[in-house]
Amino acid sequence: MTVTSAPPAATAPPAASGGRDAARRRGLRSAALPAAVLLVLALLPYSALEIPVLLEGPVNSPGSLQLFALCLVFAGLALGYDLMFGRTGLLSFGHALYIAGGAYGTQLAMTEWGLGLLPAVLVTLVLGTLAAVVLGAVSLRTLALGGIGFAMVTLAFAQAGSLLVGRNPGGLTGGEEGLPLHTAGVPDAFLGVANTVNVYWLALGYLTLVAAVVWWVTARPVGRVWQAVRDNEPRVAVLGLDPFRYKLGAFVLASALAVLGGAVHLLVTAGATPHSSTPTFTLTLLVMVVLGGSGTRWGPVLGGALFTFLDQRLAAVADVVEPLLILGTLFVLAVYAAPGGLASLRPRSLRPRRKGSP
């Protein structure tokens with residue numbers, strides 16, 4: 001009788017297991033930095049550190065926290081805008097329409113419909129997303145004329161919205177004065193100087209949500225399709241995928257994040273301002289993205305926060321030098337020093353080494 005031994009248990013090849021371990025370590029390292037940054041930002045209100053020139057008071061003073069909250073909001077808005085511009089290659093001049101829609105929509109839902117803050121935000125988010133589906137489909141059809149057609153149509157929609165806000169139909173938008181925050185519909189935790197820290201944490205929560213959504217979706221297969229559409233759209237069509245559907249998805253998602261950001265902006269600035277509806281507002285977001293580095297993980301966040309901080313602090317020397325002149329000069333210098341944006345400036349030790357290099 002011949003006795004046969006059982007086959008050895010299947011084991012993963014050493015190379016495969018090593019590859020999985022390396023991928024797991026890379027994943028942990030990539031998650032460690034955002035977690036550390038989030039922890040530092042969350043604990044910032046507990047710091048009484050004073051930074052002369054950069055800040056007028058301690059880090060945890062209401063004025064400083066208000067400034068930081070505004071920087072966080074614009075960092076999230078810039079990151080959401082980059083979902084179209086940097087990830088999909090769509091140059092929109094109408095992104096401000098959805099930010100203003102989020103601010104004015106939330107405000108009017110509270111004043112005209114008597115809703116509380118959270119229901120007002122949810123209703124505005126749903127209506128704004130539906131509007132983005134319709135306007136995005138119309139705008140994207142003009143891509144047959146080239147990217148400039150899409151940019152011009154989105155600009156036309158934004159200009160129409162800005163004119164509507166400025167004309168103050170029925171006294172709903174406040175015209176050039178804007179609308180002060182309807183405090184009766186807002187929880188007390190977000191009202192008053194003493195609660196500035198809560199507004200700061202709300203802004204931080206918005207940035208965290210936008211970053212989680214954008215970074216997660218761009219790491220999925222749909223994100224790789226967006227990149228392919230940006231780089232070579234005809235090839236995507238040849239592979240049997242519909243570029244229009246993917247571009248519309250990016251447009252709607254970015255617009256929905258902008259609507260939500262408009263609602264947070266309303267709380268941070270304690271009002272809805274007509275400037276947030278102008279195409280100039282969108283152009284500012286574009287500058288933030290280019291300054292930080294479009295299509296990068298941290299670039300739009302860095303560009304949005306830095307531009308907003310400088311814009312607010314330079315206003316203190318407006319009597320001496322025009323802030324826009326300083327910002328313009330700094331922007332030109334930054335573009336020359338780092339054509340790929342500030343995110344491309346990394347220490348030499350962190351740059352990937354080429355084979356054969358010492």
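The values are calculated or read from the model by the stated rules, or taken from the named source; none is laboratory data. Here the structure is a predicted model, which is why all the values come from computation and not from measurement. Note that each Cβ is placed from the backbone with ideal geometry, even for glycine, and that neighbours are counted across all protein chains shown. Ligands, DNA and RNA are excluded from the accessible area calculation, which covers all protein heavy atoms including side chains. Shrake-Rupley method; radii C 1.70, N 1.55, O 1.52, S 1.80 Å.
Just the accessible area for T183, please: 1.4 Å probe, Å², rounded to the nearest 10?
That residue has around 80 Å² of solvent-accessible surface.
Rounded to the nearest 20 Debye, what is the dipole magnitude of region 115-258 about its Cα centre when Lys and Arg each give +1 and Asp and Glu each give -1 at the C-beta? The partial results should precede the final answer.
Working: 8 positive and 6 negative charges, 112 e Å.
Magnitude of the dipole: close to 540 debye.
At a 1.4 Å probe radius, which order do E233, E177 fall into by accessible area, largest first? Mind showing how you got there, number by number?
Values: E233 70, E177 160 Å².
Correct descending sequence by accessible area is E177, E233.
If you count only protein heavy atoms and use a 1.4 Å probe, how large is the accessible surface of S64, to the nearest 10 Å²?
Roll a 1.4 Å probe over it and S64 shows about 10 Å².
If you take the alpha carbon radius of gyration of region 149-275 and divide it by 2.2 N^0.38 Å, what ratio comes out, to two decimals? Please report the intermediate quantities before stating the final value.
Numbers: Rg = 19.2 Å, N = 127, 2.2 N^0.38 = 13.9 Å.
Normalised by 2.2 N^0.38 Å, the Cα Rg of region 149-275 equals 1.38.
May I have the extent of the alpha carbons of region 249-291 along their three principal axes, as whole Å values ordered from largest to smallest?
The Cα atoms of region 249-291 stretch 29, 22, 17 Å along the principal axes, largest first.
Let me know the Rg and Dmax you get for region 163-203 when you use only its Cα atoms, in Å.
Considering region 163-203 through its Cα atoms, Rg and Dmax are 13.9, 36 Å.
Can you list residues from other chains, or at least 5 along the same chain, whose modelled amide H is less than 5 Å from the amide H of G271?
Amide H to amide H, under 5 Å and 5 or more residues apart or across chains, G271 pairs with L181.
What order do I148, I51 take when sorted by accessible area (1.4 Å probe), most exposed first?
Working: I148 110, I51 60 Å².
The ordering from most to least exposed comes out as I148, I51.
Would you tell me the accessible area of V197, worked out with a 1.4 angstrom probe on the heavy atoms of the protein chains, in Å² to the nearest 10?
Here the accessible area works out near 40 Å².
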